[in-house]
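K.L.:
Handing you a structure now.
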Amino acid sequence: PWRAPHFQPILLPWSNCWRFGNGVESDRIRDDYNAVRLDNGVKASTVLATPYAEEHKSSGLIFSGIFNSTSGINNLNQFIQAEPITKDLNPRHGSIQALVTRDTDTTVFCEDKVLKILTNKDALFNADGSSNVTSNEAVLGQAVAIQGDYGISKYPESLATTSVSMYWCDVTRGQVLQLTGSSITTISELGMKDFFNDNLKSISHAEGTFDDKKDEYNLTLKTQVYHTQYRPDFKLTASYSERVKGWTSFKSFNPETAISLNNEYYSFNKGSMW
């Protein structure tokens, strides 16, 4: 038992000075005047005035340093608090559900609102209400709300983007929407107002994809809640055609997700590509 480690003296590798070869000892680097003293750093037993805890900021954005593969810069793990790296939105719009970056703007889809955040620039408003754009060092500038009381609820999977428009559904309001430029259009009112108003209320999943080959927005609705014998579980896919500006058909397939690549439309079911 005398060989057990807890019976042996343990020497900590720590000293409070440097010893030079000529016998001189000093607690400063190179024994220079006003140099940094040798210290063991901050004590881990220090207690904060208020205890720290996890915080969920559902209506705020935080971004790290830049990533540039050309010059070999990777600062994605740097969050310097001295720099303006946060952007808080109005919490009355609900939590942020989806972000889409396009050109120099970032479109933010909240539960009850759609906003556009100016990136690397800011907006100045004139007396008549019109805005001018000026340069700004801030990464995320002013958040400008897009006209219309629409959001994406809690179904960001319904969002599908193209080079011109964005499509999604607002389950809370029972509408399917399209964003082109800075204006929102309710495309569910084009002959399908009552259908979506009745069916969007009870869905459990909404998957939105876009078929580049046919210029169609495919919205797949699924529910797993059995209501009555007249309303069993259902799965359906409705297609909105950009060419005819209307809903063209119901489709028999119900994909988990789908994507367009090189003018071809690929859908996935149970993890396999179809």
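The values are calculated or read from the model by the stated rules, or taken from the named source; none is laboratory data. Keep in mind it's a predicted model, so treat the numbers as computed, not measured. Here the Cβ positions follow ideal geometry from the backbone for every residue, glycine too, while neighbour counts run over all protein chains shown. Ligands, DNA and RNA are stripped out before the accessible areas are found, and what is left, the full protein with its side chains, is counted by its heavy atoms. Shrake-Rupley method; radii C 1.70, N 1.55, O 1.52, S 1.80 Å.
K.L.:
Any residue in region 62-76 that is in contact (Cβ under 8 Å) with a residue 60 or more places away in the chain sitting within a Cβ distance under 8 Å of a residue that is surrounded by 10 or more Cβ atoms within 10 Å (Cβ to Cβ) and part of a loop (DSSP other than H, G, I, E, B)? List the pairs, counting only those 6 or more apart or interchain.
P.N.:
These pairs meet every condition: Phe63/Ile85.
K.L.:
Scanning region 87-104 for residues that are open to solvent by 80 Å² or more (accessible area, probe 1.4 Å) and modelled with pLDDT of 80 or more, which turns out nearest to Asp149 (Cα to Cα)?
P.N.:
Applying the filter and picking the extreme gives Arg92.
K.L.:
Same structure, new question: Out of (1) modelled with pLDDT of 70 or more; (2) part of a loop (DSSP other than H, G, I, E, B); (3) more than 17 Å from Gly60 (Cβ to Cβ), what's the single condition that is false for Ala127?
P.N.:
Looking at each condition in turn, Ala127 falls short on (1).
K.L.:
Moving on to the next point. Report the residue count in region 181-214 for those that are assigned to a helix (DSSP H, G or I) and either touching a strand residue (DSSP E or B) at 6+ places or on another chain (Cβ under 7 Å) or among the hydrophobic types (A, V, I, L, M, F, W, C) (or both).
P.N.:
Just the residues of region 181-214 that are assigned to a helix (DSSP H, G or I), to begin with: 187-189, 193-202.
If we keep only those that are either touching a strand residue (DSSP E or B) at 6+ places or on another chain (Cβ under 7 Å) or among the hydrophobic types (A, V, I, L, M, F, W, C) (or both) too, we end up with 187-188, 195-196, 199-200.
Residues in region 181-214 being assigned to a helix (DSSP H, G or I) and either touching a strand residue (DSSP E or B) at 6+ places or on another chain (Cβ under 7 Å) or among the hydrophobic types (A, V, I, L, M, F, W, C) (or both): 6 in total.
K.L.:
Same structure again: Working only within region 203-213, note down all residues that are over 21 Å from the mean Cα position of the chain (by Cα) and either surrounded by 15 or more Cβ atoms within 10 Å (Cβ to Cβ) or within 26 Å of Asp105 (Cβ to Cβ) (or both).
P.N.:
Taking region 203-213 as the starting set, the residues that turn out to be over 21 Å from the mean Cα position of the chain (by Cα) are 203-204, 211-213.
Those that are over 21 Å from the mean Cα position of the chain (by Cα) and either surrounded by 15 or more Cβ atoms within 10 Å (Cβ to Cβ) or within 26 Å of Asp105 (Cβ to Cβ) (or both): Ile203, Asp211, Asp212.
K.L.:
With the requirement that a residue be surrounded by fewer than 19 Cβ atoms within 10 Å (Cβ to Cβ), β-branched (Val, Ile, Thr) and outside any strand (DSSP E or B), what does region 142-168 give you?
P.N.:
Ile146, Thr162, Val164
K.L.:
In addition: Given the criteria hydroxyl-bearing (Ser, Thr, Tyr) and open to solvent by less than 40 Å² (accessible area, probe 1.4 Å), does Ser239 qualify?
P.N.:
Working: hydroxyl-bearing (Ser, Thr, Tyr): yes; open to solvent by less than 40 Å² (accessible area, probe 1.4 Å): yes.
Yes.
K.L.:
What is the one condition in (1) polar (S, T, N, Q); (2) in contact (Cβ under 8 Å) with a residue 60 or more places away in the chain; (3) buried (at least 16 other Cβ atoms within 10 Å of the Cβ) that Ser182 does not satisfy?
P.N.:
Unmet for Ser182, out of (1) polar (S, T, N, Q); (2) in contact (Cβ under 8 Å) with a residue 60 or more places away in the chain; (3) buried (at least 16 other Cβ atoms within 10 Å of the Cβ): (3).
K.L.:
Inside region 87-108, can you point out the residues that are part of a strand (DSSP E or B) and among the basic types (Lys, Arg)?
P.N.:
Applying the first criterion (part of a strand (DSSP E or B)) to region 87-108 yields 87-88, 96-102, 105-108.
Answer for region 87-108, where residues must be part of a strand (DSSP E or B) and among the basic types (Lys, Arg): Lys87, Arg102.
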